[in-house]
Amino acid sequence: MFRHCRVTLAYVTAHITRTESPDSTPSPAPRVDSEVGPLRTVLLHRPGAELKRLTPRNNDQLLFDGVPWVDRAQEEHDAFAEVLRGRGVEVLLLSDLLVAALHDDRARIAGIHSAVNERRLGIDLADALRSHLESVTPEQLATALMTGMTFEELPAAEGASLVRKMHHPIDFAVDPLPNLLFTRDSSVWVGDRVAITSLALPARDRETALTDLIYAYHPRFRKTGRAYGAHSAPVEGGDVLLLAPGVLAIGVGERTTPAGAESFARSALSDGLAHTVLAVPITQERATMHLDTVCTMVDRDAVVMYPAVRDNLFAYPVRSDGSGGVVVEDRAPFLEAAAEAMGIARLRVIDTGLDPVTAEREQWDDGNNTLAVGPGLVVAYERNVETNARLADAGVEVLAISGSELGSGRGGPRCMSCPIDRAPLAV
């Protein structure tokens, strides 16, 4: 069926007949208009066997700063999910949604197409792998798509293969996706629409294919509209902050390019999802890979911010020109531009740490990367003691969780969560 197949994902998804998933329970239409509206539904990914693929030999390439203790990471993530459930949040797990979506024939074909790299494997080995993946259950296919496959795990060879012979048995024929843990990056909800993003680094490229499958084929999201249709320029969800209804901030740095920010802004403005988009340049380095590593909202008028960037963080306001184009204004101090766009006098700023050394340490440990469960209520890593104390002093309740292993991929509670539904902020 797949012999010498070079079709695109769009072609595949348009030409296979839909098969209904066994899970067809209707759910309310999701909507996200702010960072701090009461959280009702969130997408998480419980770390699994894909983390066991990390070794000292490949962890840098796969964007982890160390090799995590997987059992402990799972315990920490389970506790994170329970904290959210304890506050009335519905927690959806990516792996469960993926399995349900893969009951649809089109999703299966598209998932296999995204995983099998014919240019890397060659036509014959690629055909054998496609045939094998066609034959497995949705659960087994989901595992293969997330965990990857080594050459020794490929189906038995039907004939000689130079590709197989010239690779080490533990080399990856299908790369694992350990960064699935960070569900924030591959999709963003703005209003009643979801944007499937374009991830910048090769280690994460295939994550959006799986997210796309879920939103395309899981019955719960069948009627969901899409935003940001141009995937050619990188933009990642960790760089997108919904400061207030109609006001977005997009970090531009290591992972999101100016072209990606502009494309996202034009889409949001033309779709009526925003009236102002603030493009915010940030330092292009690992410690500040996303805007949410230096600044997140903790209340309707308050942010926690790394003090080293407070005075030199600027923004370029982008607004519609009323005729289908945009107006890009001159840069202005971020805090002033944000407050003006939000219609408030000023943004309260809670500094990370108490001194420059502590601030630098706690920023590295994701002290700024908080997840708002509601106005003035956030989840944060317990290790950032000084930042959490400052939040408490400012009237923000902190739900502290352990992240000693989860943090090895450089991501905090916000990185690990994709809000799907938030209640509107009361006027």
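The values are calculated or read from the model by the stated rules, or taken from the named source; none is laboratory data. Predicted model, so just to flag it, every value in this text is computed and none were measured. Note that we place each Cβ from the backbone using ideal geometry, even for glycine, and neighbour counts take in every protein chain shown. The accessibility values were calculated without ligands, DNA or RNA, using every heavy atom of the protein model including side chains. Shrake-Rupley method; radii C 1.70, N 1.55, O 1.52, S 1.80 Å.
On the stretch given as the stretch 304-331, residues that are closer than 26 Å to residue 375 by Cβ and in contact with a helix residue (DSSP H, G or I) (Cβ under 8 Å, 6 or more places away or on another chain) total 8. Screening the stretch 52-87 for residues that are aliphatic (A, V, I, L, M) and at pLDDT 85 or above and picking the one that is farthest from residue 42 (Cα to Cα) gives 70. Listed conditions (1) buried (at least 17 other Cβ atoms within 10 Å of the Cβ); (2) modelled with pLDDT under 95; (3) under 27 Å from residue 259 (Cα atoms) are all met by residue 417, apart from (2). The residues listed here are 113, 103; of these, the one that is touching a helix residue (DSSP H, G or I) at 6+ places or on another chain (Cβ under 9 Å), open to solvent by 20 Å² or more (accessible area, probe 1.4 Å) and assigned to a loop (DSSP other than H, G, I, E, B) is 103. Residues that are closer than 21 Å to residue 112 by Cα, open to solvent by 10 Å² or more (accessible area, probe 1.4 Å) and not in a helix (DSSP H, G or I) are absent from the stretch 267-278.
In the condition set (1) more than 24 Å from residue 390 (Cβ to Cβ); (2) open to solvent by 10 Å² or more (accessible area, probe 1.4 Å); (3) in a strand (DSSP E or B), residue 349 is compliant with all but (1).
Let's see how each residue does on (1) touching a Pro at 6+ places or on another chain (Cβ under 9 Å); (2) assigned to a helix (DSSP H, G or I):
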position	(1), (2)
220	yes, yes
223	no, no
238	no, yes
243	no, no
249	no, no
255	yes, no
261	no, yes
264	no, yes
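Within the stretch 160-181, residues that are closer than 17 Å to residue 67 by Cβ and open to solvent by less than 10 Å² (accessible area, probe 1.4 Å) sit with their Cβ atoms under 8 Å from residues that are hydroxyl-bearing (Ser, Thr, Tyr) and not in a loop (DSSP other than H, G, I, E, B), at 6+ positions apart or across chains, in these pairs: 176/147; 177/147.
A count restricted to the stretch 165-211 and to residues that are under 30 Å from residue 37 (Cα atoms), at pLDDT 85 or above and part of a loop (DSSP other than H, G, I, E, B) stands at 7. Scanning the stretch 130-149 for residues that are assigned to a helix (DSSP H, G or I), open to solvent by 10 Å² or more (accessible area, probe 1.4 Å) and either hydrophobic (A, V, I, L, M, F, W, C) or free of Cβ contacts under 8 Å to residues at least 40 places away in the same chain (or both) yields a count of 6.
For residue 127, state whether it is of a type outside the set (A, V, I, L, M, F, W, C), surrounded by fewer than 20 Cβ atoms within 10 Å (Cβ to Cβ), touching a residue at least 12 places away in the same chain (Cβ under 8 Å) and over 19 Å from residue 182 (Cα atoms). Yes; evaluated as a whole, the condition is true for this residue.
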